[in-house]
Amino acid sequence: MSTVAQSVPPVVVPAGTTAGTALREAGLPGKGPEAIVVVADGDGALRDLSWAPMVNSEVRPVPANSPEGRSVIRHSCAHVLAQAVQELYPEAKLGIGPPITDGFYYDFDVPRPFTPEDLQALEKRMKQIIKSAQRFSRRAVDSVEDAKQELAAEPYKLELVDLKSDVDTSEVMEVGGGELTIYDNLDPRSGERVWGDLCRGPHLPTTKHIPAFTLMRSAAAYWRGNEKNPQLQRIYGTAWESAEALDAYLELLAEAERRDHRKIGAELDLFSFPEEIGSGLAVFHPKGGIIRRELENYSRQRHEQAGYEFVNSPHISKSGLFHTSGHLPYYADTMFPPVQFEGEDYYLKAMNCPMHHLIYRSRGRSYRELPLRLFEFGTVYRYEKSGVVHGLTRVRGLTMDDSHIYCTKEQMPGELRSLLRFVLDLLADYGLADFYLELSTRDDSPKFIGDPQQWEEATEALRAAAEDSGLELVPDPGGAAYYGPKISVQAKDAIGRTWQMSTVQVDFQHPQRFELEYQAADGTRKQPVVLHRALFGSIERFFGVLTEHYAGAFPAWLAPVQVVGIPIAAEHAAYLADVATALRAKGIRVEVDASDDRMQKKIRNHTTQKVPFLVLAGGKDVEAGAVSFRFRDGSQINGIPVDRAVAEIADWVARRENDSPNAENFKVGG
RNA sequence: GCCGCCUUAGCUCAGUCGGUCAGAGCGACGCACUCGUAAUGCGUAGGUCGGGGGUUCGACUCCCCCAGGCGGCUCCA
């Protein structure tokens with residue numbers, strides 16, 4: 001990623017002068033990555049450089065290499081794409097074309113979907129348009145009627161004009177801001193109008209101000225995001241303030257592809273999705289099984305220390321349970337269809353909470369037992385639509401590290417605070433330590449049930465806990481579960497991508513629905529609050545995220561094979577076998593490679609398998625009672641006495657060191 | 001679920017216009033080699049070309065259906 005520009009000092013645009021002129025006079029750059037592409041007026045609204053205020057106005061110049069600047073570049077680039085599409089495919093009707101994170105798209109109604117060859121041709125045409133330096137020229141349309149007349153050939157734009165009053169979001173760039181405007185693309189020499197689009201802007205001064213772009217892919221997308229609407233063909237692209245910034249972005253994508261857990265999972269023999277079992281249903285191979293077991297074991301240990309009690313529940317139950325919980329009416333379409341026997345519908349469980357509530361309810365509870373923390377690695381099945389299943393991150397069978405905490409209303413704020421702390425600490429132990437939080441609340445959608453007062457109370461308790469953590473808190477209105485608000489923990493991985501990890505939810509609904517109670521100190525019966533909490537979310541997903549975070553080079557404590565002994569010649573294998581025995585006695589997963597391969601080949605094999613410690617021994621080592629280390633990064637430490645090597649490896653693993661060991665950080669020399 | 005694309009050996013991939021094109025590298029196996037920090041050499045075996053139907057004298061190749069995958073859309077308790 002390229003650097004974001006320093007903020008540029010404000011500039012005063014004299015009345016009747018264009019912003020562009022004022023900037024030029026102030027000596028601000030008009031080209032290059034720091035070129036000023038638009039300005040923000042006193043209200044923060046972005047304006048074209050051709051904007052000329054009625055009165056002297058102080059504006060904030062927006063450079064190309066700022067988030068706002070990039071959005072403008074991308075938005076303008078989307079226009080160029082649309083122009084190219086309509087030139088090459090005149091029958092194409094325009095949808096919308098906004099900038100998005102890291103790029104832009106434009107939707108088109110075309111008789112035939114775009115092919116990769118089409119994209120190439122479009123890119124070529126776009127380059128010509130950009131080179132020709134067409135001017136983006138803003139023009140206000142006097143009335144809705146005029147707009148409709150002008151846009152008569154564009155049915156989707158007409159729809160937007162009609163929707164103008166109630167569509168005014170950043171996603172719909174076409175309309176908004178109280179007036180309708182059209183941006184015309186003008187030929188720089190003749191001034192002739194070459195193309196135009198309904199758009200509220202702002203835009204770059206000319207197409208030539210698009211320094212670097214590329215088209216990425218095409219795909220179908222529903223008009224206005226509704227699956228009942230027709231599908232349009234969407235073309236995705238990206239555009240940046242410089243060729244370097246574009247290259248850096250493409251390199252990031254390439255790195256993400258190299259880290260793809262689906263690819264690494266096959267290469268390292270961790271898991272697979274046998275077609276015979278069905279889509280979205282994973283099997284973990286022995287090596288993946290080890291990683292999974294280590295992940296789970298450490299979590300179990302920490303939960304035990306934190307006062308959780310372990311429970312187990314079945315994978316299937318009668319339908320009544322999910323009616324009681326309220327899940328069935330809401331999520332029937334993502335539950336597997338029921339199996340019928342003995343006159344009953346049985347459903348595969350899609351969530352663990354109802355089972356845990358029954359455990360709570362199995363006998364009377366006293367306030368002295370609260371908070372009661374039930375924990376289970378509970379496997380659930382969800383009928384994800386065929387088009388959404390994706391590696392380990394979106395599956396149909398998954399194991400949640402699910403817990404439900406039953407506490408009094410008074411205990412809730414404190415419990416939420418310690419819960420969040422616990423979650424963040426534990427994630428950090430797995431090597432994810434860069435977080436922000438998201439607070440998902442209700443909006444006025446009818447899907448949210450329950451007393452608004454209770455929602456308010458729960459939301460505030462969550463907010464307080466979140467603020468207490470000191471982390472950034474991002475609001476997510478309307479993102480709550482139907483039964484209560486939640487905090488989700490977003491973790492940044494090694495290459496800066498964010499993943500939703502843990503969630504903590506407050507639930508006043510289930511205690512009512514399941515008639516949960518406890519006997520209070522004053523002898524009355526009261527209703528507990530339920531906190532739902534998953535840390536990994538799903539173990540499969542967490543596994544996938546960790547695989548990508550570490551690019552398959554798992555920390556030694558998680559690595560399926562922690563040490564491989566490599567003899568310099570076959571005669572040294574027995575010596576290494578003894579070293580391996582000593583390591584194994586310390587609980588280390590170790591193998592000796594006694595195959596016929598050459599030593600160099602063995603190093604290559606086990607390095608590509610991401611084994612953290614390669615322990616070599618040849619004549620010199622045997623003589624000295626020593627071994628030599630080679631690490632994943634190619635660094636080495638030679639001649640370490642065997643007992644010392646064994647102790648240091650065991651210690652490294654026991655410490656759960658998340659860094660990859662190398663000659664620098666593996667201090668055996670002392 | 002919707003749209004587009006894809007599926008050839010365990011893996012990664014060639015395969016022209018429907019007719020000696022069932023092919024390579026890696027891996028596996030065998031033999032030789034015994035080597036000081038990322039690929040030793042030689043040889044052998046492996047495929048109903050995802051499955052099913054159709055068109056054709058003839059289908060890996062064209063058409064239809066299904067399954068699985070990829071990229072999006074929608075969805076994600």
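The values are calculated or read from the model by the stated rules, or taken from the named source; none is laboratory data. Since the model is a prediction, treat every value here as computed from it, not as a measurement. All Cβ positions, even for glycine, are placed from backbone atoms using ideal geometry, and neighbour counts span all protein chains on display. Areas reflect the complete protein model, heavy atoms only, side chains present, ligands, DNA and RNA absent. Shrake-Rupley method; radii C 1.70, N 1.55, O 1.52, S 1.80 Å.
Structure notes:
- A count restricted to segment A:189-223 and to residues that are out of contact with any Asp or Glu (no Cβ under 9 Å at 6 or more places or on another chain), surrounded by 17 or more Cβ atoms within 10 Å (Cβ to Cβ) and not in a strand (DSSP E or B) stands at 3.
- Condition met for A:Arg300 (modelled with pLDDT of 95 or more, surrounded by 16 or more Cβ atoms within 10 Å (Cβ to Cβ) and assigned by TED's automatic domain parsing to the domain that holds A:Phe514): no
Here's the yes/no breakdown for (1) within 16 Å of RNA strand B (Cβ to nearest atom); (2) closer than 21 Å to A:Ser272 by Cα:
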site: A:Tyr383; (1), (2): yes, yes
site: A:Leu392; (1), (2): yes, yes
site: A:Asp402; (1), (2): yes, no
site: A:Cys407; (1), (2): no, no
site: A:Met412; (1), (2): no, no
site: A:Leu419; (1), (2): yes, no
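- Residue in segment A:224-241 that is farthest from A:Ser66 (Cα to Cα), counting only those that are more than 7 Å from RNA strand B (Cβ to nearest atom) and surrounded by fewer than 17 Cβ atoms within 10 Å (Cβ to Cβ): A:Lys228
- The residues of segment A:258-281 that are closer than 20 Å to A:His549 by Cα and either touching a residue at least 24 places away in the same chain (Cβ under 8 Å) or over 24 Å from the mean Cα position of the chain (by Cα) (or both), listed by number, are A:Arg258, A:Arg259, A:Asp260, A:His261, A:Arg262, A:Ile264, A:Gly265, A:Glu267, A:Leu268, A:Asp269, A:Leu270, A:Phe271.
- Considering the conditions (1) touching an Asp or Glu at 6+ places or on another chain (Cβ under 9 Å); (2) assigned to a helix (DSSP H, G or I), A:Gly565 is excluded by exactly one of them, (2).
- Scanning segment A:56-87 for residues that are open to solvent by 10 Å² or more (accessible area, probe 1.4 Å), in the same structural domain as A:Ile100 (by TED's automatic domain parsing) and over 28 Å from the mean Cα position of the chain (by Cα), we see that the one that is nearest to A:Asp187 (Cα to Cα) is A:Glu87.
- Any hit, segment A:574-597, residues being out of contact with any helix residue (DSSP H, G or I) (no Cβ under 6 Å at 6 or more places or on another chain), near RNA strand B (Cβ under 7 Å from one of its atoms) and not in a helix (DSSP H, G or I): yes
- The sole residue among A:Lys287, A:Lys318 that is free of Cβ contacts under 8 Å to residues at least 40 places away in the same chain, touching an Asp or Glu at 6+ places or on another chain (Cβ under 6 Å) and open to solvent by 50 Å² or more (accessible area, probe 1.4 Å) is A:Lys318.
- Among the residues of segment A:460-472, those identified as free of Cβ contacts under 8 Å to residues at least 40 places away in the same chain, part of a helix (DSSP H, G or I) and under 24 Å from the mean Cα position of the chain (by Cα) are A:Arg463, A:Glu467.
- Taken over segment A:519-543, the criterion of being touching a Pro at 6+ places or on another chain (Cβ under 6 Å) and either open to solvent by 10 Å² or more (accessible area, probe 1.4 Å) or farther than 19 Å from A:Ser325 by Cα (or both) is satisfied by A:Gln527 alone.
- Options A:Asp651, A:Asp633, A:Asp643: the member that is acidic (Asp, Glu) and within 12 Å of RNA strand B (Cβ to nearest atom): A:Asp633
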